[in-house]
Amino acid sequence: MYNVPAWLRYNFAMPLSRMTCPSCGADLVYDSHEAVKGPDGTAICPYRGRGNPELRAAHDLIYFGKWRKMDATTADIRRAYNQIGRHLKAIGRILETKDLPAAKRDLGKAVEAHHAGDPAGESPDALRFMDHALSYAHMAIDGLLHEEGLPPHDPMEFSKWYDAVEVPFKEEW
């Protein structure tokens with residue numbers, strides 16, 4: 001083993017820690033040196049105290065998921081497809097109690113794109129449709145946040161909490 005100074009190890013090999021948030025269920029990956037700590041010394045969920053934290057966390061878990069990387073496997077894509085479906089159902093349950101026609105319309109478009117993006121159908125556009133479903137879901141979440149007088153959700157604000165250096169094909173579609 002080489003004797004590498006601590007400052008060099010820190011700058012080039014970020015020590016990652018994992019946490020499943022007990023309040024929102026997000027699977028977070030973060031730099032343990034930078035994470036905000038609570039009174040008990042554990043990492044504080046970045047979504048705590050924000051509107052619809054469970055929807056934001058679920059969106060970001062999918063947004064920064066392995067399915068969007070160039071080396072994604074068929075299993076990664078299938079898993080993301082199922083996650084998107086569960087996410088859309090969760091948004092739908094909340095929207096059932098609201099009078100938000102635009103958000104409901106966005107959710108409807110998300111559901112349509114989700115069905116069109118079923119990877120089992122061998123469609124060459126499956127990833128594009130899945131991405132569109134997630135984008136429409138994001139718009140529905142923003143509609144809910146707007147109703148509460150909150151700013152829109154910005155996934156990149158939470159990127160350091162996920163193992164995401166970049167989001168491939170973000171600008172291509």
### Query
Can you give the extra length, in nm with one decimal, that the chain gains between A120 and E157 once fully stretched, where that is 0.36 nm per residue apart less the Cα-Cα distance?
10.0 nm
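Using the beta-carbon distance between A75 and R128 and R0 = 22 Å, what value does 1/(1 + (r/R0)^6) give for FRET efficiency, to the nearest 0.05?
On the way: r = 19 Å, r/R0 = 0.88.
E between A75 and R128, to the nearest 0.05, is 0.70.
Rounded, prolate or oblate: which fits the range 51-173, taking a ≥ b ≥ c as square roots of the Cα gyration tensor eigenvalues, rounded meaning a/c under 1.5, else prolate when a/b beats b/c?
Oblate, since a/c reaches 1.5 and b/c is not below a/b.
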### Message
Quick check for me: using +1 on Lys/Arg Cβ and -1 on Asp/Glu Cβ, what's the dipole size of the range 53-158 about its Cα centre, in debye to the nearest 20?
### Response
280
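With a 10 Å Cβ neighbour count serving as the proxy for reagent exposure, in which order, fewest first, do H132, H115, H146 appear?
Details: H132 19, H115 12, H146 15.
Lowest to highest Cβ neighbour count: H115, H146, H132.
To the nearest 20 debye, what charge dipole does the range 49-88 have about its Cα centre, counting +1 at the Cβ of each Lys and Arg and -1 at the Cβ of each Asp and Glu?
On the way: 8 positive and 4 negative charges, 4 e Å.
The calculated dipole for the range 49-88 is roughly 20 debye.
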### Task
Among L95, P53, P124, pick out the residue whose Cα is farthest towards the positive end of the charge dipole of the range 53-158, where Lys and Arg carry +1 and Asp and Glu carry -1 on C-beta, about the Cα centre.
P124
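Laboratory data are not the source of any read-out in this text; all were calculated from the coordinates shown. Quick caveat, the model's predicted, so the values are computed rather than measured. Virtual Cβ from ideal backbone geometry, glycine too; neighbours counted across all protein chains shown.
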